[in-house]
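Chemist: Quick one: this structure, given as structure tokens, is what I'll be asking you about.
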Amino acid sequence: PPAPAPPSTVSLSRGASLLKLGRGYMGPHKRTFILNKEASAITWKSTSPMKGANSTRVDLTSVTRVTKGQSTIPFVKNANNALVKGKESLSFSVVYEDYRGVETTLDIVCDNQEQFDSWFSELTGLVKYHMQNKASDDRVRRFAQRQWSLADADADGLLSFKEVLALVQKLNIDLDRGYVQKIFDEIDADNSGNLDYIEFQALLDELSKREDVYAVWYALCTGAIFTGHRSVNSYMSSSKPIPSSYKSMALPAETFHRFLTEVQKVEQTLEQTKLKIEAMKGEDEERDTQLRFSNFRDYLSSSENAAYAVECSTATYQDMEQPLSHYWCASSHNTYCESDQLKGYSSVNRYINDLTKGCRCVELDCWDGPKNEPIIFHGHTLTGQIKFKDVITAIKEYAFLQSEYPIILSFENHCSIPQQKVMASYCKSILGKMLVVPELAEGGRLPSPEALKNKVIIKAKKLPKKADEEEPIDEDLEEQKKAAESTKPKDDGEAPPPGPAKEKKKKPKVAKELHDITFLSGVHFKSWFQSANEALANEMSSFSEPKTEKFIKSSAAEWVEYNKKQMSRIYPAGVRIDSSNYNPVPSWNVGSQIVALNYQTSCLQMHLNDGKYLDNGGCGYVLKPAVLRSPGVSFDPVAGPFPREEQLDFDVEVMSAHQLPKPNGAQKGEVIDPYVKVELYGIPADQRNCMTRVIDNNGFNPIFNETFTFRAKMKSLGLLYFAVYDSDQFDADDFIGYATIPLTCLKEGIRKVDLRSWNGNNSGEFQFCSLLVNITFK
């Protein structure tokens, strides 16, 4: 789609003095905020000489959302400050990824309602504009605009040679100063010593030569590309330059159509190919059906050519009318935790963050709070406390912005009967018609995600079916106690808050009011036989990480059968007080639906989780393969059997990378020495790790030309993981970016792999950072 028109930004351009909350020890303080002239960043001045420009600007292309109220950590820290308290309606937070790749917030309190309304409205409009602008797919234009904004340090509308040199260093291009000066002088037609924006675009074109893409184009022009991908490899590896005359060639639509159908395995008619070529033409190009190099370059770098199938990542395409137990569900553990599980802060913002990322199951650890107000925190620890009411309110507002499919609230209920009644009252009054307790479907099966669209269901303990039935053991709580006790400081003088620490050995019973609004009943797991023959479909058990590992080794096939009818929740071991994550893949392999991870912790495990749940339009539910849901079909991730249609042999040629940023958002320093890891995760027999060689001093367009072969027995359980690192001879290698692609979403052909930052974001420099790969199915 074409780029949208920018919204009105009168208040932002005019600037205003707003109350800013500090992230360190500095309290709330006034700063003057203003929108820069390119409408791509909010800036302010700091009184600290230690803070550079990167610390006093928010790049609006890196903003993920703007939220009303006081839900973030700086607001939690300053909750009792007179300048902040009671001003929820005048407060907002800008959530963005800073120059280091760290998700952070800009937290503001306005002076009056008029000021809040204008700033919040214009900011949200501008953020939406930039998000739509990304979707326009004009990467060349967006890249030029971003680099101009960043390079023009003095904002005078011109670039000096010094500013151009800084840009070259930032872009990871290893060029001699004299060579850069030569290009600069050639482009500076009026010899002014500065470049305007038109001249700057010419400079970028010169610096951004894609020898890798030109090699593919040359192979297409000569027809060599149809003889096998090795021919392209040889052109890219050759020291002999490709004749530049081919860059001005125009190819007939028939040649491009053959490329799309034979190499890219795209199913379309010649007429559709001609329409595609016409759509790729620029405003100043002739509207014909001939393909030129610039069109081909733009196609290879477009979202349409992504290795992660566009039809998988942008639309809910799977059958959503099967029982809930037939889907994997994106799930977070201890959702309220901002950092560790012992002393870290808690915030409502964590729920907003996870929900807007497509998470469909969030956890609420509920305890008695003061003044009959239930609170949420990690029991028997010193983690921060937030109000149950505030979390339910945030869930109502943000539950269905990313996905319309059901939210599961997983309650860990440690409240007294009176406060359980308060919990139930809040759920009913705040969520209203969103909250449902559905009937089991025909045959005693769970209802489908389709039947529960825009609905919230609760998973919690219910009243015993029989009067003499024992209360289920809370293994999660027991692990919390042990972990907290083993790590509790001996001499710090701090003690857990009163209330939960004085809990009686015998659990309080469940309030009928809470029982009545609970659909998924949390029960103690007894045996596979009991579950298969006596349990209802809406009775589900939670399994700790150690117990999960034990059952996967001893009875994986039985667990697969369990997960066809009932749901199971997996959670991290209690000793993971640092909020680290376990490997979710083995649990997915046996069909466990709610594999709860610590979303606040960026790591390999979350990278796999993000890629898995980008599938099916990012709706948070992914249909399990037939072997994990069909009755009468036995399956074991180790022993099989593995259906023939699940087998996939394929090659991955890592051709090149493009516009790799420096580690941790660095603007200066050495040009990186990148290499790429390619790893396959899935059933044990399918797992394989590969790595390219290191390319010295080239982060802008390194060429690898290395091919790896993979053999998958269960493609529907396979996740292909790419990770780029900067090699360091004397220290640990620095992480650059990653991508995770389910094998069922992997496209054949010469494809672009968009990379994400360590935190999973694709904003800032990661709008343009990618790999070029050649995928061949055998």
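Chemist: As a test of understanding, state the convex hull volume per residue of the range 296-341 from its alpha carbons, in Å³. Working shown, then result.
Modeler: Details: hull volume 7.1 nm³, N = 46.
In the range 296-341, the Cα hull volume divided by residue count equals 154 Å³.
Chemist: Rounded, prolate or oblate: which fits the range 393-447, taking a ≥ b ≥ c as square roots of the Cα gyration tensor eigenvalues, rounded meaning a/c under 1.5, else prolate when a/b beats b/c? Show your work: numbers first, answer last.
Modeler: On the way: a/c = 2.13, a/b = 1.23, b/c = 1.73.
Oblate, because a/c is 1.5 or more while a/b does not exceed b/c.
Chemist: Expressed as an acute angle from 0 to 90° and rounded to the nearest 10, what is the orientation of the C-alpha long axis of helix 161-170 relative to the principal long axis of the chain?
Modeler: Rounded to the nearest ten degrees, it is 50.
Chemist: Then there's this: At a 10 angstrom cut-off on C-beta neighbours, averaged per residue, how do the peptides 332-342, 425-435 rank from highest to lowest?
Modeler: Details: 332-342: 23.8, 425-435: 16.0.
Result, highest mean Cβ count within 10 Å first: 332-342, 425-435.
Chemist: Whole-Å semi-axes of the range 544-627's equivalent ellipsoid, largest first, each the root of 5 times a Cα gyration tensor eigenvalue? Mind showing how you got there, number by number?
Modeler: On the way: eigenvalues 82, 69, 17 Å².
Taking √(5λ) for each eigenvalue gives 20, 19, 9 Å, largest first.
Chemist: I'd like the antiparallel share, as a percent to the nearest 5, of DSSP beta bridges with both residues in the chain. Each step should come with its number before you reach the end.
Modeler: Values: 82 of 107 bridges.
Taking every DSSP beta bridge with both residues in the chain, the antiparallel ones total about 75 percent.
Chemist: What accessible area per residue comes out for the chain, rounded to a whole number of Å², with a 1.4 Å probe? Let's see the in-between values first.
Modeler: Numbers: 33450 Å² over 778 residues.
For the chain, the per-residue accessible area is 43 Å².
Chemist: Less than 15 Å Cβ to Cβ from A82, Lys/Arg counted +1 and Asp/Glu -1: what total charge do the surrounding residues give? Show your work: numbers first, answer last.
Modeler: Values: positive: K30, K77, K85, K87; negative: E88, D111.
Local net charge: +2.
Chemist: Which Cα, out of P702, C415, S541, lies furthest along the positive dipole direction of the chain (beta carbon charges, K/R +1, D/E -1)?
Modeler: C415
Chemist: How much solvent-accessible surface does F400 expose, in Å² to the nearest 10, with a 1.4 Å probe and all protein chains in place?
Modeler: About 40 Å², ignoring ligands and nucleic acids.
Chemist: Just going by the charge dipole of the range 51-205, with Lys and Arg at +1 and Asp and Glu at -1 on Cβ, which of T61, V94, S192 is farthest out on the positive end?
Modeler: It is V94, whose Cα lies furthest towards the positive end.
Chemist: Any chance you could look up the accessible area of T104 with a 1.4 Å probe, heavy atoms only, rounded to 10 Å²?
Modeler: About 10 Å², ignoring ligands and nucleic acids.
Chemist: Moving on to the next point. What percent antiparallel are the DSSP beta bridges of the range 296-434, to the nearest 5? If you can, show how the numbers build up before the last one.
Modeler: On the way: 5 of 12 bridges.
Taking every DSSP beta bridge with both residues in the range 296-434, the antiparallel ones total about 40 percent.
Chemist: Based on the Cα gyration tensor of the range 368-477, what are the three equivalent ellipsoid semi-axes, each the root of five times an eigenvalue, rounded to whole Å and given largest first?
Modeler: Working: eigenvalues 122, 88, 33 Å².
So the equivalent ellipsoid measures 25, 21, 13 Å along its semi-axes.
Chemist: What is the spread of the Cα atoms of the range 497-638 along each of their three principal axes, largest first, in whole Å?
Modeler: 47, 40, 32
Chemist: Next question, about the same structure. Can you tally the lysine pairs in the range 627-767 where the Cα-Cα distance is under 28 Å and the two residues are eight or more apart, or on different chains?
Modeler: The result is 12.
Chemist: Over 18 Å, how big is the tail of the calculated P(r) for the range 620-699, in percent of all Cα pairs? Display every interim value, and only then the final one.
Modeler: On the way: 1996 of 3160 pairs.
For the range 620-699, the share of Cα pairs beyond 18 Å comes to 63 percent.
Chemist: With charges only on Cβ, +1 for K and R and -1 for D and E, what is the dipole size of the chain about its Cα centre, in debye, rounded to 20?
Modeler: Details: 93 positive and 103 negative charges, 450 e Å.
I would put it at about 2160 debye.
Chemist: Principal axes first, then extents: for the Cα atoms of the range 357-404, list largest minus smallest coordinate on each axis, whole Å, largest first.
Modeler: If we take the Cα atoms of the range 357-404, the spans are 34, 21, 13 Å.
Chemist: Which pairs break 21 Å Cα to Cα here: K526/K547; K387/K421; K455/K509; K371/K462? Could you put the intermediate results ahead of the total?
Modeler: Values: K526/K547 13 Å; K387/K421 15 Å; K455/K509 27 Å; K371/K462 25 Å.
Going by Cα-Cα distance, K455/K509; K371/K462 fall outside the 21 Å limit.
Chemist: Separate question: Work out the P(r) tail for the chain: percent of alpha carbon pairs separated by more than 35 Å, whole number. Please report the intermediate quantities before stating the final value.
Modeler: Values: 155700 of 302253 pairs.
For the chain, the fraction of Cα-Cα distances above 35 Å is 52 percent.
Chemist: Here's something else I'd like to know. Return the tail of the calculated pair distribution for the range 705-778, meaning the percent of Cα-Cα pairs more than 14 Å apart. The partial results should precede the final answer.
Modeler: Numbers: 1815 of 2701 pairs.
For the range 705-778, the fraction of Cα-Cα distances above 14 Å is 67 percent.
Chemist: In 5 Å bins starting at 0, how do the alpha-carbon pair distances of the range 77-120 split up by percent?
Modeler: All Cα pairs considered, the percentages come to 5, 21, 24, 19, 16, 11, 4.
Chemist: How compact is the range 273-419 by the rule of thumb for globular proteins, expressed as Cα Rg over 2.2 N^0.38 Å? Before the final figure, lay out each step's value.
Modeler: Values: Rg = 23.6 Å, N = 147, 2.2 N^0.38 = 14.7 Å.
So the range 273-419 has a normalised radius of gyration of 1.61.
Chemist: For the chain, build the charge dipole from Cβ charges (+1 Lys, Arg; -1 Asp, Glu) around the Cα centre, then report which of C329, Q729, A685 sits farthest towards its positive end.
Modeler: C329
Chemist: Right, next: Any idea what diffusion coefficient the range 648-687 gets from Stokes-Einstein, in µm²/s, Kirkwood Rh on alpha carbon pairs, 10 °C, 1.306 mPa s?
Modeler: 117 µm²/s
Chemist: Add +1 for every Lys or Arg and -1 for every Asp or Glu among the other residues with Cβ under 10 Å from the Cβ of E513, and state the total. Intermediate results must be reported in sequence, preceding the final value.
Modeler: On the way: positive: K421, K428, K512; negative: D516.
Summing Lys and Arg as +1 and Asp and Glu as -1 gives +2.
Chemist: Separate question: If you fit an axis through the alpha-carbon atoms of helix 270-280 and take the longest principal axis of the Cα set of the chain, what angle between them do you get, 0 to 90°, nearest 10?
Modeler: Long axis of 270-280 versus the principal axis of the chain: about 80 degrees.
Chemist: For helix 604-614, report the angle its Cα long axis makes with the longest principal axis of the Cα atoms of the chain; keep it between 0 and 90° and round to the nearest 10°.
Modeler: The two axes meet at around 80 degrees.
Chemist: What does the helix-only formula give at 222 nm for the chain: each DSSP H stretch with n ≥ 4 adding -39500 (n - 2.57), the total divided by the residues, and the result rounded to the nearest 500 deg cm²/dmol? Present the calculation step by step, with values, prior to reporting the outcome.
Modeler: Details: 22 runs with 223 residues, N = 778.
After summing the helix terms and dividing by the residues of the chain, the value is -8500 deg cm²/dmol.
Chemist: Next question, about the same structure. Take the alpha carbon atoms of the range 545-586, find their radius of gyration, then divide it by 2.2 N^0.38 Å using N residues; give the quotient. Walk me through the numbers before you get to the answer.
Modeler: Values: Rg = 11.5 Å, N = 42, 2.2 N^0.38 = 9.1 Å.
For the range 545-586, the normalised Cα radius of gyration is 1.27.
Chemist: If you average the C-alpha positions of the range 367-384 and of the range 718-778 separately, how far apart do those two centres end up, in angstrom?
Modeler: Comparing the Cα centres of the range 367-384 and the range 718-778, I get a distance of 41 Å.
The values are calculated or read from the model by the stated rules, or taken from the named source; none is laboratory data. Computed from a prediction, not measured in an experiment: that's the story for all the values here. Methodologically, a virtual Cβ is constructed for each residue, glycine included, from the backbone with ideal geometry; neighbour enumeration extends over all protein chains shown. To get the accessible areas, we keep the full protein, side chains included, count just its heavy atoms, and leave off ligands, DNA and RNA. Shrake-Rupley method; radii C 1.70, N 1.55, O 1.52, S 1.80 Å.
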